[in-house]
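Each remark here refers to the structure printed beneath this line.
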Amino acid sequence: MAKRTRVIRVDPDAPQVAAIAIAGRAIRAGGLVAFPTETVYGLGANAFDAAAVAAIFAAKGRPAHDPLIVHIAHMDQLTQVARQIPPLAADLARRYWPGPLTLVLKKSERVPANLTAGLDTVAVRLPDHAVALALLQAAAVPIAAPSANQFSRPSPTSAQHVIDDLRERVDVVLDGGATPIGVESTILSLVDERPRVLRPGGIVVEALRASVPDLAYEPIFFAEDDNAAPAPGTMLRHYSPRARVILFSGEDDAEVYAAMRAEIARHEGVGLLACAADAAEFADLDIAVERLGANADEAARRLFAALRALDQQGMDCILARAPAKAGLGLAVWDRLLRAAVGSLVVV
Ligand code: TXA
Ligand code: MG
């Protein structure tokens, strides 16, 4: 049933108490509230309310096998959602929370089974955004929140992206402007023999490695196949715009650019995701360009908005160079490869 979506502007640094109270009440009443975090916008509901959690899956069109992240406001709530918390989790929480690090731990009995897709583990984080924290305080319950996009689409980094995808499916949208990091949290599993990065994100792997020497990370890209359910978050098709995305990679700039020009000539409406040097290289061509900026942090901040912008201009194909896998570049590379559904041309 269509909801009457209420969009409320809030100051991202000092959110208005009245707005937060409305959103907090909506959560407590079993409703859905979209809110900014430091990474992307989340689509939130009371994590202890199985029916509200089910409504998140329905609103996003998300398959039941893909578990949600629980957001907490303070360390006391960690023991409400997780059990057998290892000392490393407490160390990492002290070091990185509030912040874009999600820890996968053994789940507590209070967390409903649909939230974790039937798994015995739960993903949890304490976000670093005044609006998210104020909402968590007002709701006084942990909040389950995936990214507030339609399933498999680019994540939302502005309230407008949320409205474009989920209009009439959410009760309240707290509009706190653009999200500062732009890619999702790093997910670190602490339930296996070795700590394992399941998704590169806002806390860069190089930094984590300094605190966790035996850290494991192997990218997994699960191609669509009806015979098996993928491990959570490994779907190859993810973050995809409507346009086809093709990535290019290679040592020699001239050869990479030549391959990109050949590809551009094959299409009607081509869009380019470009760093400054790429934009200069293709300045002679009449194609749509979305700039990703001068470094990996800027690229992370702009990536999802750029994919959405090229889609809105009706491009049938989007080209980009695969970024270097250092710092936030690793998260950008991971998102781009999934957006491209594995279409990578190595020159
Ligand atoms: O930055 C973020 O993490 C954002 C903001 C809103 O906090 N949230 C986010 O949620 O990216 P979502 O649903 O788009 O991604 C959640 C992912 C799942 O797809 C899955 O990969 C992983 O978290 N996940 C959740 N529970 C898990 C579990 N028990 N074991 C392994 N992975 C899990
Ligand atoms: Mg998501």
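The values are calculated or read from the model by the stated rules, or taken from the named source; none is laboratory data. No experiment lies behind these values; they were computed from the predicted model shown. Note that each Cβ is placed from the backbone with ideal geometry, even for glycine, and that neighbours are counted across all protein chains shown. Protein only, heavy atoms only, side chains kept; ligands, DNA and RNA dropped before computing areas. Shrake-Rupley method; radii C 1.70, N 1.55, O 1.52, S 1.80 Å.
Some notes on this structure:
- Test: residue in the stretch 137-145 that is within 15 Å of the chain's Cα centre (by Cα) and near ligand 1 (Cβ under 10 Å from one of its atoms): yes
- Residues (modelled with pLDDT of 95 or more, open to solvent by 30 Å² or more (accessible area, probe 1.4 Å) and more than 16 Å from the chain's Cα centre (by Cα)) located in the stretch 178-195: Val191, Arg194
- Options Thr116, Thr102, Thr121; residue that is among the polar types (S, T, N, Q), open to solvent by 20 Å² or more (accessible area, probe 1.4 Å) and near ligand 1 (Cβ under 8 Å from one of its atoms): Thr121
- Enumeration of residues in the stretch 82-92 that are surrounded by fewer than 23 Cβ atoms within 10 Å (Cβ to Cβ) and either assigned to a strand (DSSP E or B) or of a type in the set (Val, Ile, Thr) (or both): Arg83, Ile85
- If the condition is being touching a Gly at 6+ places or on another chain (Cβ under 6 Å) and farther than 17 Å from Arg125 by Cα, then the stretch 1-44 contributes Val10, Pro12, Val33.
- Looking at the stretch 215-307, the strands (runs of 3 or more DSSP E) lying wholly inside it that each contain 1 or more residues that are away from ligand 2 (no atom under 16 Å from the Cβ) and without any contact (Cβ under 8 Å) to a residue 24 or more places away in the chain sit at 288-293.
- Among the residues of this structure, Ala326 does not count as one that is surrounded by fewer than 20 Cβ atoms within 10 Å (Cβ to Cβ) and in contact with a Ser or Thr (Cβ under 9 Å, 6 or more places away or on another chain).
- Among the residues of the stretch 100-117, the ones that are in contact (Cβ under 8 Å) with a residue 40 or more places away in the chain and either in contact with a Lys or Arg (Cβ under 8 Å, 6 or more places away or on another chain) or farther than 22 Å from Gly233 by Cα (or both) come to 8 in all.
Table: residues versus (1) at pLDDT 95 or above; (2) surrounded by fewer than 19 Cβ atoms within 10 Å (Cβ to Cβ).
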position: Ile22; (1), (2): yes, yes
position: Ile27; (1), (2): yes, no
position: Thr39; (1), (2): yes, no
position: Lys60; (1), (2): yes, no
position: Pro67; (1), (2): yes, no
position: Ala73; (1), (2): yes, no
position: Asp76; (1), (2): no, yes
position: Arg94; (1), (2): yes, yes
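- Residues in the stretch 155-164 that are buried (at least 24 other Cβ atoms within 10 Å of the Cβ) and either modelled with pLDDT under 95 or farther than 11 Å from Arg308 by Cα (or both): Ala159, Val162.
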